[in-house]
Each structure stands twice: as C-alpha cells, then as structure tokens.
Amino acid sequence: MSLYYEHKVRLAGMDADGRGICKASALLNHLQVAAGYAAEEGGFGRQALIQRYRAFWMLARSWYRLERPLRWEDDITIRTWHRGGRGALMYRDYDILVDGEPVGESVSAWVLASVDSHRLLKLGSVTELAGTGGGALCKSVTLSKLHCPDQLREVERRPMRYSDTDINGHVNNIRYADFACDAARLDQLPADRFLAEMQIGYLAECRPGEVLTLQTQPRWDGCYVRGVDKDGKARFETALFFGELLP
C-alpha cells in the first residue's frame, strides 16, 4: 500500500511579502502542516509517536524549487508522501500545484529523536511506517550537507526570542528561512527576480536568549547564509537561488 496526502490552502495576506509573493517561511510552514496531517493520517503523527515510542520527528534538511512565484490568493495543493522507514533518515516528498498545475516541488529529510535523550532512533522500530511509502511517486532528489564558503561576511546579530519558538521549546525551523531572507536583503531584490529555490540545513537547535550571528556570501544567482552561535558553531546553513520573474 502506498500513501499520499493532499493539503489544499488559499494563500493569505500574512503569507505574502510586500510584492504579494509568498514568503519562504510561509511556504515551508504549509509544507510542514501537510506533512503533519499526512503523518497523523498514517498513524505516526506526533502524539502517536510520543505515546508509543517516546519519540518525535525532527527536521534535518529541507529544500524546495519553484518554477514561478506563489502569490497572494493562489489556491495551492500540496501533495506529499514519504519514501519509507529504513535507517535513521526519512525523506518526505512534495509536489506543489496551483489550480491543478504543477509549479514546484520540495523534499525534506527527517529523523526520529528520543523525547528523553534526543538521541536518534532507527525508523525500522516504528511499525506504522511499514508499507506506507509513496512507491513509484518517490523522487530521486537527496539532500546532502550544504558546503557554504569558508569566508562569509557578518551582517547581523539576531537574538532568539519567545516568539521564535514552537511546541518543542526551541526556535521553529521556519524562522530560519526568515532569518536567511532578512540577511540576504530580499527586500532589495530586483523587481524581475524572485526566490526560486532554497535549501536549509538544521545543524543544532536554538533557544530563547541565545544570539545568532548571521553571515552571508552573495553569488551570481543567489546567496549563502549561515547562522553561528557565540562560540562560532554553525546552527543552520542556507542556500538561496533566484529566478527570473517572467511577465
């Protein structure tokens, strides 16, 4: 048996930036909401995992690519499935459609962590995952570790605050997309360009009271952004790539 889940949503004003284009953090949020619903329907959602295995899903890497921007009041459909539960890393795939037409895709990589120790658990122990993968739908994209340039320029020091946190008590992963877009100054992006692709590597969690130094390195088609703590340890790394906004 294969399992895929469809999540439909109309993009609201809070999802959009000043140009009416869906922000990266808003898109990632909708993708994760769809992933959560899919996991619940499959019997391996948050509450089920905590009750049966004392474990929870933790996002390790995420990537998306768009052929054109998503805009305010677009009716989008997110179709999602996972690739199976072997080893320590589970991939989840997504197709992104507007009015039934494919406009993009996404892949995320998840690990299962112990509630008590945060140690990683083997996915094979979750019997509910057996036989629920996407089968022939599964994508071939894999997410390797980002390799940002060694020399990045400091652009900002950003305190982590209460409003950045989620139910796990640490900074929610979609907030790093906001940090990256701010550091890359997407407010100054030329009118004929848009953020077409983003990959984020989540290296270590952050909590309120900590301060991240945001570093950037532009490239001809985008920008690298890294967030490091007071000891110089990277907490997240991001690559942003811009596309041409066609009339």
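Would you mind calculating the relative contact order of the chain from Cα pairs under 8 angstrom and at least 6 residues apart, reporting the percent as a whole number?
So the answer I get is 19 percent.
Mind grabbing the base-10 log of I(q)/I(0) for the stretch 1-85 at q = 0.13, 0.19, 0.23 Å⁻¹? Debye formula, identical points on the C-alpha positions, no solvent, two decimal places.
Values returned for q = 0.13, 0.19, 0.23 Å⁻¹ are -0.50, -0.92, -1.15.
Highest GNM mean-square fluctuation, the chain, Cα pairs closer than 10 Å: which of 83, 175, 161?
161
With the Cα gyration tensor of the stretch 150-247 in hand, give its eigenvalues times 5 under a square root as the equivalent ellipsoid semi-axes, listed largest first in whole angstrom.
Three semi-axes, in Å: 25, 15, 11.
Starting from the exponent 0.38 and prefactor 2.2 Å, build the expected Rg for the stretch 40-124 from its residue count and divide its actual Cα Rg by it.
With N residues counted in the stretch 40-124, Rg over 2.2 N^0.38 Å equals 1.29.
Over the Cα atoms of the stretch 6-50, compute the convex hull volume and normalise it per residue, giving Å³.
73 Å³
Using a 1.4 angstrom probe and counting only protein chains, how large is the accessible area of residue 23 in Å², to 10?
80 Å²
Take each of the peptides 150-156, 195-201, 35-41, average the number of other beta-carbon atoms within 10 Å over its residues, and list them starting from the highest.
195-201, 35-41, 150-156
Would you mind working out the magnitude of the charge dipole of the stretch 152-247 relative to its Cα centre, with +1 at each Lys and Arg C-beta and -1 at each Asp and Glu C-beta, to the nearest 20 Debye?
300 debye
How much of the accessible area of the stretch 194-247, in percent, comes from carbon and sulfur atoms when a 1.4 Å probe is used?
Using a 1.4 Å probe with all protein chains present, the stretch 194-247 comes out at 54 percent carbon and sulfur.
Go ahead and run the numbers for FRET between residue 193 and residue 71, Cβ-Cβ distance against an R0 of 22 Å, rounding to 0.05.
0.90
Quick one: if you stick a label point 7 Å off each Cα along the C-beta vector at residue 137 and residue 182, how many nm between them?
3.6 nm
Rounded to whole Å and ordered largest first, report the semi-axes of the equivalent ellipsoid of the chain derived from its Cα gyration tensor (root of 5λ).
In descending order, the three semi-axes are 28, 24, 16 Å.
Under a Cβ-only charge scheme (Lys and Arg +1, Asp and Glu -1), can you give me the dipole magnitude of the chain about the Cα centre, in debye to the nearest 20?
With Lys and Arg at +1 and Asp and Glu at -1, about 840 debye.
Taking amide H positions as placed in the peptide plane 1.01 Å from N, state which residues far from residue 146 in sequence (5 or more) or on other chains have amide H under 5 Å from it.
none
Students sometimes get this wrong: rank 116, 95 by accessible area, probe 1.4 Å, all chains present, largest first.
Sorted by accessible area, descending: 116, 95.
Let me have the 222 nm mean residue ellipticity of the chain computed from DSSP H runs of 4+ only, each contributing -39500 (n - 2.57), with the sum over all residues rounded to the nearest 500.
-5000 deg cm²/dmol
What percentage of the solvent-accessible surface of the stretch 105-170, computed with a 1.4 Å probe over protein heavy atoms, is contributed by carbon and sulfur atoms?
Roughly 51 percent of what the probe reaches on the stretch 105-170 is carbon or sulfur.
Taking the Cβ of residue 43 as the centre, find all other residues whose Cβ is under 10 Å away and add up their charges (Lys, Arg: +1; Asp, Glu: -1).
Neighbour charge sum, excluding residue 43 itself: -2.
The values are calculated or read from the model by the stated rules, or taken from the named source; none is laboratory data. The shown structure was predicted, so the numbers you read here are calculated from the model rather than taken from an experiment. A quick note on method: Cβ atoms are made from the backbone with ideal geometry, for glycine too, and the neighbour counts reach across all protein chains shown. Ligands, DNA and RNA are stripped out before the accessible areas are found, and what is left, the full protein with its side chains, is counted by its heavy atoms. Shrake-Rupley method; radii C 1.70, N 1.55, O 1.52, S 1.80 Å.
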